[in-house]
Amino acid sequence: MMRCDVENIRTVIEYCERIEETVEGLSEDDFFDNYMIHSSCAFSIFQIGEAVRRLSIGFSQQHQEINWNELAKIGDILAHRFGDVDLRIVWSVSFELVPDLKRSCISIIEKDGVEPIE
């Protein structure tokens with residue numbers, strides 16, 4: 001794994017953890033009623049999209065178990081059409097996609113013998 005790929009995967013994990021910390025213990029109503037919470041999650045999802053976009057083509061092809069292109073597209077939508085974003089998408093990504101993405105990224109790091117994030 002190239003050094004830049006390792007750094008970008010670690011960035012993905014870091015922003016997944018930020019989302020998990022932000023939404024921990026929240027109900028759906030809590031999430032939708034608090035602009036700071038869903039904005040924070042949206043920003044972290046955008047950052048994940050940016051990190052994914054920087055992954056090498058070889059890495060993305062080697063790890064097709066994750067839909068890297070879809071993650072980059074979600075980041076693009078948040079960057080360029082934030083006012084039009086359906087918050088249910090941010091909710092879904094934050095509560096459903098992020099935990100699996102984090103686990104998959106940690107698994108990739110471990111399989112390639114790279115030290116995990118502390």
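The values are calculated or read from the model by the stated rules, or taken from the named source; none is laboratory data. Given the structure is predicted, the values throughout are model-derived calculations rather than measurements. Cβ atoms come from the backbone with ideal geometry, glycine included; neighbour counts cover every protein chain shown.
Between a residue in the stretch 1-30 that is free of Cβ contacts under 8 Å to residues at least 60 places away in the same chain and over 26 Å from residue 112 (Cβ atoms) and any residue that is outside any helix (DSSP H, G or I) and not hydroxyl-bearing (Ser, Thr, Tyr), which pairs come within a Cβ distance under 9 Å, given they are 6 or more apart or on different chains?
Once the first residue is free of Cβ contacts under 8 Å to residues at least 60 places away in the same chain and over 26 Å from residue 112 (Cβ atoms) and sits in the stretch 1-30, its partners that are outside any helix (DSSP H, G or I) and not hydroxyl-bearing (Ser, Thr, Tyr) give 26/34.
Just to be sure, is residue 55 at pLDDT 95 or above, out of contact with any Cys (no Cβ under 7 Å at 6 or more places or on another chain) and under 29 Å from residue 112 (Cβ atoms)?
The answer is yes for residue 55.
Among 102, 73, which is the only one that is in contact (Cβ under 8 Å) with a residue 24 or more places away in the chain, part of a helix (DSSP H, G or I) and within 20 Å of residue 6 (Cβ to Cβ)?
Exactly one residue qualifies, and that residue is 102.
Scan the stretch 56-70 residue by residue and report those that are closer than 29 Å to residue 35 by Cβ and in a loop (DSSP other than H, G, I, E, B).
Within the stretch 56-70, 67 is the sole residue that qualifies.
Considering only the stretch 1-34, state which residues are of a type in the set (A, V, I, L, M, F, W, C) and either more than 23 Å from residue 80 (Cα to Cα) or surrounded by 17 or more Cβ atoms within 10 Å (Cβ to Cβ) (or both).
Hits for the stretch 1-34 are 1, 2, 4, 6, 9, 12, 13, 16, 19, 23, 26, 31.
Does the stretch 1-27 hold any residues that are outside any loop (DSSP other than H, G, I, E, B) and under 11 Å from residue 94 (Cα atoms), and which are they?
15, 16, 17, 18, 19, 20, 21, 22, 23
Within the stretch 37-60, can you find the residues that are free of Cβ contacts under 8 Å to residues at least 24 places away in the same chain and of a type in the set (Ser, Thr, Tyr)?
39, 40, 60
Table: residues versus (1) within 12 Å of the chain's Cα centre (by Cα); (2) surrounded by 16 or more Cβ atoms within 10 Å (Cβ to Cβ); (3) among the aliphatic types (A, V, I, L, M).
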site	(1), (2), (3)
36	no, no, yes
41	yes, yes, no
56	no, no, no
63	no, yes, no
77	no, yes, yes
108	no, yes, yes
